[in-house]
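What follows is a single structure, written as structure tokens, with notes after it.
The values are calculated or read from the model by the stated rules, or taken from the named source; none is laboratory data. Remember, it's a predicted structure, so these values are computed and weren't measured experimentally. Neighbour counts are summed over all protein chains in view; Cβ atoms, including those assigned to glycine, are modelled from backbone coordinates with ideal geometry.
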Amino acid sequence: MDRRLFNKSLVATGASLFAPAALAQDAGNWPSQSVKVIVPFAAGGTADALPRLISEVLTNVWKQPVVIENRTGAGGNVGAETVFHADPDGYTLMASPAPPIAINQNLYPKLNFDPGKFKPITIIGSATNVVDVSNKLGVTTIAELIAKAKANPGQLNCANQGNGSTSHLTAALFESRAGVKFNHVPYRGTAPALNDLVAGHVDVFFDNISLSLPQHRGGTMKIIGVCSLERSSQLPDVPTLSESGLKDFSAIAWFAFMAPPGTPDAIIAKANRDIVAVIRSPDIQKRFLDQGAQPIGNSVSEAAAFIASEEKLWGGVIKQANVKLGE
């Protein structure tokens with residue numbers, strides 16, 4: 001809050017400032033009770049698994065229960081709205097992938113929260129997207145996929161997890177950079193899209209590495225490209241899209257701890273310090289990698305700058321591709 005506005009508010013409504021003052025005073029003792037971490041997506045995926053790994057250790061670090069609560073709906077908006085309007089006392093946090101933090105404000109005509117006003121704590125990890133192709137498609141490289149798509153404009157069926165999902169936007173970014181056009185086929189989540197790719201009902205799918213890797217290793221489909229700037233340690237022989245001619249192509253899934261607007265900086269700093277220490281512990285690093293995720297654990301300012309860059313990236317993709325929900 002701007003200090004001039006703060007002072008004016010103090011003069012006008014001194015009593016109303018008791019709660020923020022108390023929060024600042026209590027920040028040194030935080031947490032003194034259980035902490036709820038809302039995950040705005042369903043249990044079972046990477047977005048849920050990573051914060052659960054962290055919460056197990058934080059419970060011991062903070063000597064207080066750290067409880068994960070899945071509150072799903074509207075592309076993550078339901079859970080995000082809950083956290084946004086929670087008391088800014090550090091006892092309700094959010095662990096979320098990109099959509100309700102850096103994407104949905106460009107997709108939904110109206111949100112009941114302002115993603116830009118969340119207070120970042122840290123980016124906990126990332127997982128690269130990959131380019132999956134059906135065995136029936138008959139391509140083994142990104143160059144071959146581009147050539148086939150150019151020879152058959154709008155004819156290759158590209159699965160996604162739903163309109164406006166990360167997989168849909170990654171495909172749109174690929175179309176823009178490669179100069180191709182797919183026929184987009186939305187599904188209700190990753191599993192049915194991946195199943196139809198394996199069955200050969202669709203041709204290509206831009207998916208998160210964690211769920212695609214077992215299918216690739218089993219030979220039921222192929223991963224032909226990695227969407228991060230560096231090769232994945234789990235797929236060292238698969239080139240990045242940048243190496244395949246799409247310079248600086250980057251599309252990753254990432255996961256962040258966030259706090260409600262107005263949460264005291266002292267609480268944010270302590271949460272960052274403790275969560276980053278957990279992420280950097282050898283055991284958690286290994287368990288992240290086992291989940292197909294790269295551990296990060298950066299500073300508050302680094303997290304804020306990264307989120308801003310991602311919002312700019314995906315906002316531009318949505319505008320250029322004219323992505324609309326329900327289409």
Residue under evaluation ALA271, criteria (1) over 20 Å from the mean Cα position of the chain (by Cα); (2) crowded, with 21+ Cβ neighbours inside 10 Å, criterion not met | (1)
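From the list GLY73, GLY79, GLY116, which residue is among the small types (Gly, Ala, Ser) and buried (at least 21 other Cβ atoms within 10 Å of the Cβ)?
GLY79
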Scan region 153-164 and give yes if some residue there is more than 26 Å from ALA49 (Cβ to Cβ), without any contact (Cβ under 8 Å) to a residue 12 or more places away in the chain and not in a helix (DSSP H, G or I), otherwise no.
-> no
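Is one or more of the residues making up region 58-68 under 16 Å from the mean Cα position of the chain (by Cα), modelled with pLDDT of 80 or more, assigned by TED's automatic domain parsing to the domain that holds GLY292 and part of a helix (DSSP H, G or I)? Write out each step before concluding.
Going residue by residue through region 58-68, those that are under 16 Å from the mean Cα position of the chain (by Cα) are none.
Taking every residue of region 58-68 in turn, none turns out to be under 16 Å from the mean Cα position of the chain (by Cα), modelled with pLDDT of 80 or more, assigned by TED's automatic domain parsing to the domain that holds GLY292 and part of a helix (DSSP H, G or I).
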Matching residues in region 198-210 - criterion: being within 10 Å of ASN129 (Cα to Cα) and not in a strand (DSSP E or B) = ILE209, SER210
Read through the list (1) outside any helix (DSSP H, G or I); (2) among the hydrophobic types (A, V, I, L, M, F, W, C); (3) touching a residue at least 40 places away in the same chain (Cβ under 8 Å), then give the number of the only condition that VAL180 fails.
-> (3)
Note on region 1-41: residues assigned to a loop (DSSP other than H, G, I, E, B) and at pLDDT 85 or above are TRP30, PRO31, SER32, GLN33, SER34, PRO40, PHE41
Could you give me the residue pairs with C-beta distances under 8 Å whose first residue belongs to region 107-132 and is modelled with pLDDT of 95 or more, whose second residue is crowded, with 16+ Cβ neighbours inside 10 Å and among the basic types (Lys, Arg) wherever it lies, and which are 6+ apart or on separate chains?
-> ASP132/LYS222
Output for region 217-227, where each listed residue is crowded, with 21+ Cβ neighbours inside 10 Å and assigned to a loop (DSSP other than H, G, I, E, B) | MET221, CYS227
